[in-house]
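Novice: Attaching a single structure in C-alpha cells format; questions to follow.
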Amino acid sequence: MVRITPLELIGTDDRGYTCEYFHERMGRHLVIFRKAGTISGNHYHKGTSLSKQPEILILLSGTAILRYGNIQEAAIIRVELDVPTKIEIDPYVWHELETKTDCTLIELGSLSEHNADTYRI
C-alpha cells in the first residue's frame with residue numbers, strides 16, 4: 001500500500017507558505033534533488049530497516065509521477081504528485097519516481113538504511 005497525504009497548510013503571506021507535518025523518526029535523513037525527466041527508485045524494500053516501515057518521502061518542490069505496485073501482482077498504479085505531499089510506501093511495494101520538473105524531496109532515513117534494505121526485481 002502507498003499513502004499520499006497533502007501537507008497541512010498553516011500559514012501564507014507575501015513570502016510564500018508554511019506547512020506542518022508530524023513524523024516519529026529522528027536521526028539522519030536524506031535531502032534529494034532530482035533533475036526533470038529522471039527516474040529514481042525502481043526497487044522495493046522488505047522493511048528490515050526501520051526507515052522502510054514504511055518508507056516516507058516529502059515532495060518539497062516540483063511535480064513528479066509515482067508508479068507503484070505490490071511485487072506479487074502485475075498491476076501498476078500511476079499517480080501524479082504536486083507539492084507539498086507526504087508519500088508513505090509500505091514494504092514489498094515496488095516503486096519508482098519520474099520527475100516532470102526539477103524536484104526536491106526529503107527521505108526520512110539514512111543512505112545506509114536505504115542501501116541495507118533495497119531490492120530490485
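Novice: What spacing in nm lies between the two simple spin-label points modelled at Arg3 and His43, each 7 Å away from Cα in the Cβ direction?
Specialist: About 2.4 nm separates the two model spin labels.
Novice: May I ask what percent, to the nearest 5, of DSSP beta bridges between residues of the chain are antiparallel?
Specialist: So the antiparallel bridges in the chain amount to around 100 percent.
Novice: Now a separate question. Restricting to DSSP H runs of at least four residues, report the calculated mean residue ellipticity at 222 nm for the chain, -39500 (n - 2.57) per run over all residues, nearest 500 deg cm²/dmol.
Specialist: -1000 deg cm²/dmol
Novice: Gain in length, Gln72 to Asp102, computed as 0.36 nm per residue apart minus the alpha-carbon separation, to one decimal in nm?
Specialist: 7.6 nm
Novice: Ok, one more. If you build a Gaussian network model of the chain, linking Cα atoms that sit under 10 Å apart, which residue out of Ile87, Ile56, Ile32 swings the most?
Specialist: Between Ile87, Ile56, Ile32, it is Ile32 that shows the largest mean-square fluctuation.
Novice: Is the stretch 57-121 best put as rounded, prolate or oblate by its Cα gyration tensor, with a ≥ b ≥ c the root eigenvalues, rounded for a/c under 1.5, and otherwise prolate when a/b is larger than b/c, oblate when not?
Specialist: Oblate, since a/c reaches 1.5 and b/c is not below a/b.
Novice: How big, in percent, is the set of alpha carbon pairs in the chain lying more than 18 Å apart?
Specialist: 51 percent
Novice: Which length gain, in nm to one decimal place, applies between Asn115 and Ile10 when the Cα-Cα distance is subtracted from 0.36 nm times their residue separation?
Specialist: Taking 0.36 nm per residue and subtracting the Cα distance, the gain is 34.3 nm.
Laboratory data are not the source of any read-out in this text; all were calculated from the coordinates shown. From a predicted model like this one, the values you see are computed outputs, not experimental measurements. Positions of Cβ are backbone-derived with ideal geometry, glycine not excepted, and every protein chain shown enters the neighbour counts.
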